[in-house]
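One structure below.
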Amino acid sequence: MIMTTSSPADTPTNYYSLVASLPHMPRSFEVDRVPISQARLEQRLKLLGEQDGRVVAQVQSFLHWDRQRPEQTDEDVQREYERLLTTIDNPLVLDIINHRIDIRTITSALRRRRLGLEPPSAVGQYVEKIRRHWQYPDFHLERQHSWIPRLRESLEAGKLLEVERLLLSATWNRWVRLADHYEFSFETIVLYLARWEIVDRWTRLDEAAGRVRFQQLLTQTLEFTGEVG
C-alpha cells in the first residue's frame with residue numbers, strides 16, 4: 001500500500017483517524033444503500049484541515065455538477081471543464097475530472113450518432129479521435145475502454161438501466177483499482193467520496209426513473225441542435 005503524508009500549511013488532517021471513522025466501502029456499487037448517510041459523511045469530513053477541505057469541496061462540487069446531464073449542453077461542459085483546469089492542481093482530482101469528462105464525451109458521441117447528428121463539440125483527450133473515426137462502431141476506442149461495445153448495444157436496444165450500470169461500472173472499476181494503492185491518506189478520502197457518489201447514484205435509480213432521464217436527454221439534445229421546435 002502507498003501511504004502519502006500531505007503537509008498543508010494549516011492544521012494537518014489526521015488521515016488515520018478520518019479514514020478509520022468511515023464505514024467500509026463495498027467492492028461493488030450495486031448495493032441497497034450507501035455505507036454512510038450524506039449527513040454523517042459531511043460530519044466526518046469536518047476533520048479535514050482547511051486546505052484539504054477546499055480540495056474536497058471542489059471534488060464534491062464537480063461530482064454534483066456531473067450528475068446534472070440533461071440540463072447541460074456541450075458548451076456548458078466545455079466551460080466548466082476549462083474553469084476546473086484553472087482552479088485545481090491536485091493530480092488525483094484532475095484524474096477524476098478527466099476520466100468523467102472522457103466518459104461524457106464518449107457517451108454523448110454514441111447518442112448523437114444514434115440520432116444521426118454530428119460529432120459532439122466536447123472536451124477531453126478523445127474528441128479528435130472520435131471525429132476521425134466517426135464511422136466506426138466504437139470509434140476505435142474499444143481497446144482503451146472495453147465497455148464501449150456493450151454500452152452501444154444497450155443504447156441501441158433501449159436498455160436504459162443497463163446503460164446507467166455500464167457507465168457507473170466504467171468509473172467505479174477505475175476508482176477501486178486506484179483505491180487499492182492508498183491507505184490512510186488524503187487520496188484514500190478523495191477516492192472514498194468518488195465511490196460514495198456512485199453508490200448513492202445507483203441506489204437512487206430505478207428503471208422508470210432511467211426512462212424519464214433518457215427521454216429528457218433526448219429532448220434536450222434535439223432542442224439544442226434545432227431538430228425539434
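Results, tabulated for the structure shown:
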{"read-out": "Residue match in region 22-29 (condition: surrounded by 13 or more Cβ atoms within 10 Å (Cβ to Cβ), farther than 14 Å from Tyr192 by Cβ and of a type in the set (Gly, Ala, Ser))", "value": "no"}
{"read-out": "Selection within region 172-201 - in a helix (DSSP H, G or I) and either modelled with pLDDT under 90 or basic (Lys, Arg) (or both)", "value": "Arg174, Arg177, Arg195, Arg201"}
{"read-out": "Flag if Glu142 is over 17 Å from the mean Cα position of the chain (by Cα) and within 18 Å of Gly116 (Cα to Cα)", "value": "no"}
{"read-out": "Flag if Arg83 is surrounded by fewer than 15 Cβ atoms within 10 Å (Cβ to Cβ), closer than 26 Å to Leu167 by Cα, out of contact with any Pro (no Cβ under 9 Å at 6 or more places or on another chain) and modelled with pLDDT under 85", "value": "yes"}
{"read-out": "Extreme residue, modelled with the lowest pLDDT, among residues of region 116-141 that are of a type in the set (Asp, Glu) and over 11 Å from Ile106 (Cα atoms)", "value": "Glu118"}
{"read-out": "Pairs where the first residue, in region 18-36, is without any contact (Cβ under 8 Å) to a residue 40 or more places away in the chain and the second is basic (Lys, Arg), C-beta under 7 Å, 6+ apart", "value": "Ser21/Arg44"}
{"read-out": "Tabulated pairs, region 150-165, first closer than 16 Å to Glu30 by Cα, second aliphatic (A, V, I, L, M), C-beta under 8 angstrom, 6+ apart or interchain", "value": "Leu161/Leu205; Val163/Leu151; Val163/Leu155; Glu164/Leu205"}
{"read-out": "Within region 202-229, tally of residues that are part of a loop (DSSP other than H, G, I, E, B), of a type in the set (A, V, I, L, M) and modelled with pLDDT of 55 or more", "value": "1"}
{"read-out": "Unique match (being free of Cβ contacts under 8 Å to residues at least 12 places away in the same chain and either within 30 Å of Gln51 (Cβ to Cβ) or buried (at least 18 other Cβ atoms within 10 Å of the Cβ) (or both)) among Leu110, Leu94", "value": "Leu94"}
{"read-out": "Tally of residues being under 21 Å from Asn173 (Cβ atoms) and either free of Cβ contacts under 8 Å to residues at least 12 places away in the same chain or buried (at least 20 other Cβ atoms within 10 Å of the Cβ) (or both) across region 125-136", "value": "1"}
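The values are calculated or read from the model by the stated rules, or taken from the named source; none is laboratory data. Only a predicted model underlies this, so the values are computations on that prediction, with no experimental measurement involved. Note that we place each Cβ from the backbone using ideal geometry, even for glycine, and neighbour counts take in every protein chain shown.
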